[in-house]
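K.L.:
The structure is given below, and queries will be raised subsequently.
The values are calculated or read from the model by the stated rules, or taken from the named source; none is laboratory data. Here the structure is a predicted model, which is why all the values come from computation and not from measurement. In this analysis, Cβ positions are derived from the backbone assuming ideal geometry, glycine residues included, and neighbour counts consider all displayed protein chains. We work out accessible area using only protein heavy atoms, side chains counted, and drop any ligands, DNA or RNA first. Shrake-Rupley method; radii C 1.70, N 1.55, O 1.52, S 1.80 Å.
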Amino acid sequence: MIAGVDEAGRGPLAGPVVAAAVILCAEGIAGLNDSKKLSAPRRELLFAQINARCTVGVGMASVEEIDRLNILWATMLAMERAVAALGVAVSEVLVDGNRCPKWRWPSRAIIGGDAIEPCISAASIIAKVTRDRMMIEADRVHPGYGWASNKGYGAAVHMAALERLGPTPMHRRSFAPVARAFLLQSSVG
């Protein structure tokens with residue numbers, strides 16, 4: 001019962017950070033890799049296979065939690081929630097990165113683990129597709145920022161909209177470009 005854990009959304013200016021935990025099925029899933037190395041259609045196909053055949057838990061930390069805790073600790077909270085959401089006892093958790101949350105499960109941090117440990121690769125795919133879908137929906141609610149394509153990262157269209165339209169409730173106030181936009185908005189309004 002080894003679970004792999006990865007996150008998506010540490011660097012964007014908007015949206016939650018999403019973590020996933022996956023315990024692979026006995027027969028495994030063919031074609032797993034770091035989600036960033038896979039095409040969107042391939043990620044979607046693997047997402048469906050992983051959800052259908054493996055034990056999956058997803059955890060998030062909200063924009064408010066990111067601003068209150070900082071992005072590192074919000075990420076750790078999302079990871080803890082993801083492992084808890086598995087709903088089963090795990091013997092070990094393999095975490096992509098250089099540190100593990102302070103939690104009750106035995107764990108190891110593996111730098112580049114999303115490319116070398118299949119269970120972490122699966123978690124990477126679940127986290128990325130889940131968050132990408134959330135940002136595509138957020139783009140419908142807050143048009144103009146380009147979130148369907150940039151997923152909340154600081155792309156030119158997003159930065160221009162932040163200046164032109166101002167920040168939304170989805171924006172992370174603790175991130176410098178958003179904090180500047182809030183200051184500009186409050187000084188104008």
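K.L.:
Of the residues A8, A21, which single one is within 15 Å of the chain's Cα centre (by Cα), buried (at least 22 other Cβ atoms within 10 Å of the Cβ) and under 21 Å from T168 (Cβ atoms)? Full working, then the answer.
P.N.:
Values: A21 fails: under 21 Å from T168 (Cβ atoms).
From the options A8, A21, the qualifying one is A8.
K.L.:
Confirm whether H158 is over 30 Å from R53 (Cα atoms) and open to solvent by less than 20 Å² (accessible area, probe 1.4 Å).
P.N.:
Judged against the criteria, H158 is a match.
K.L.:
Collect the residues in segment 104-121 that are open to solvent by 40 Å² or more (accessible area, probe 1.4 Å) and assigned to a loop (DSSP other than H, G, I, E, B), keeping them in residue-number order.
P.N.:
R104, P106, I111, E117
K.L.:
When you check A156 against the structure, is it without any contact (Cβ under 8 Å) to a residue 24 or more places away in the chain and of a type in the set (A, V, I, L, M, F, W, C), yes or no? Lay out the reasoning, then the answer.
P.N.:
Values: without any contact (Cβ under 8 Å) to a residue 24 or more places away in the chain: yes; of a type in the set (A, V, I, L, M, F, W, C): yes.
Criteria met by A156.
K.L.:
Name the single residue, out of those in segment 85-98 being of a type outside the set (V, I, T) and within 16 Å of the chain's Cα centre (by Cα), that is most open to solvent (accessible area, probe 1.4 Å). Let's see the steps before the verdict.
P.N.:
The first filter runs over segment 85-98 and keeps only residues of a type outside the set (V, I, T), leaving 85-87, 89, 91-92, 94, 96-98.
Among the residues that remain, those that are also within 16 Å of the chain's Cα centre (by Cα) are: 85, 96-97.
On the way: A85: 51, D96: 32, G97: 22 Å².
Applying the filter and picking the extreme gives A85.
K.L.:
Do the conditions hold for A14, that is, is it under 30 Å from A181 (Cα atoms), open to solvent by less than 10 Å² (accessible area, probe 1.4 Å) and either at pLDDT below 95 or touching a His at 6+ places or on another chain (Cβ under 8 Å) (or both)?
P.N.:
Working: under 30 Å from A181 (Cα atoms): yes; open to solvent by less than 10 Å² (accessible area, probe 1.4 Å): yes; either at pLDDT below 95 or touching a His at 6+ places or on another chain (Cβ under 8 Å) (or both): yes.
Spelling it out, A14 is indeed under 30 Å from A181 (Cα atoms), open to solvent by less than 10 Å² (accessible area, probe 1.4 Å) and either at pLDDT below 95 or touching a His at 6+ places or on another chain (Cβ under 8 Å) (or both).
K.L.:
Which residue out of T130, T75 is in contact with a Lys or Arg (Cβ under 8 Å, 6 or more places away or on another chain), on the phi < 0 side of the Ramachandran plot and of a type in the set (S, T, Y)? Explain how you work it out, then say what you get.
P.N.:
Values: T130 fails: in contact with a Lys or Arg (Cβ under 8 Å, 6 or more places away or on another chain).
T75 is the lone residue from the list that is in contact with a Lys or Arg (Cβ under 8 Å, 6 or more places away or on another chain), on the phi < 0 side of the Ramachandran plot and of a type in the set (S, T, Y).
K.L.:
Might you let me know whether segment 47-54 holds any residue that is among the aromatic types (F, W, Y), under 23 Å from A26 (Cα atoms) and touching a residue at least 24 places away in the same chain (Cβ under 8 Å)?
P.N.:
Initial filter on segment 47-54 (among the aromatic types (F, W, Y)): 47.
When the remaining residues are screened for being under 23 Å from A26 (Cα atoms), the result is 47.
Now drop any that are not touching a residue at least 24 places away in the same chain (Cβ under 8 Å), which leaves 47.
Yes, some residue in segment 47-54 is among the aromatic types (F, W, Y), under 23 Å from A26 (Cα atoms) and touching a residue at least 24 places away in the same chain (Cβ under 8 Å).
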